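To keep things clear, I will list the structure first and then write my remarks on it.
Read-outs: derived from the displayed coordinates by stated rules, not from any lab. Source: prediction; values computed, not measured. Note that we place each Cβ from the backbone using ideal geometry, even for glycine, and neighbour counts take in every protein chain shown.
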Amino acid sequence: MAPEADTLYPFPGKKVWVSGHAGMVDRALIRPLADENCEVLTVGRDSLDQRRQADVGAWMACPP
């Protein structure tokens, strides 16, 4: 990836939530994030129903 100064959104030290991480596109996003010195957060559909806004808000306020 580009040096941090050239990056629109620098990732080091940040938490990045990849929603739907079991899909092909999302897994492809997770791989390069592993090299970005950030914490990748995922949650399975059995733990969070993303159709329920209040549940998503609560999870985002206090992720694992």
*Could you tell me how many degrees, from 0 to 90 and to the nearest 10, lie between the Cα long axis of helix 24-33 and the main elongation axis, the longest principal axis, of the Cα atoms of the chain?*
50
*Taking one equal scatterer on every alpha-carbon of the chain, how large is log10 of I(q)/I(0) by Debye at q = 0.30 1/Å?*
-1.29
_Using Cα springs under 10 Å in a Gaussian network model of the chain, which residue among VAL25, VAL16, VAL40 shows the largest mean-square fluctuation?_
VAL25
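Set the Förster distance to 30 Å, then compute FRET efficiency between VAL16 and GLN53 from the Cβ-Cβ distance, nearest 0.05.
Details: r = 20 Å, r/R0 = 0.68.
Given R0 = 30 Å and the Cβ-Cβ separation, E is 0.90.
Using a Förster radius of 22 Å, what is the FRET efficiency between VAL25 and CYS62 based on their Cβ-Cβ separation? Nearest 0.05, please. Don't jump to the answer; show the numbers that get you there.
Working: r = 27 Å, r/R0 = 1.21.
With R0 = 22 Å, the Cβ-Cβ based efficiency is 0.25.
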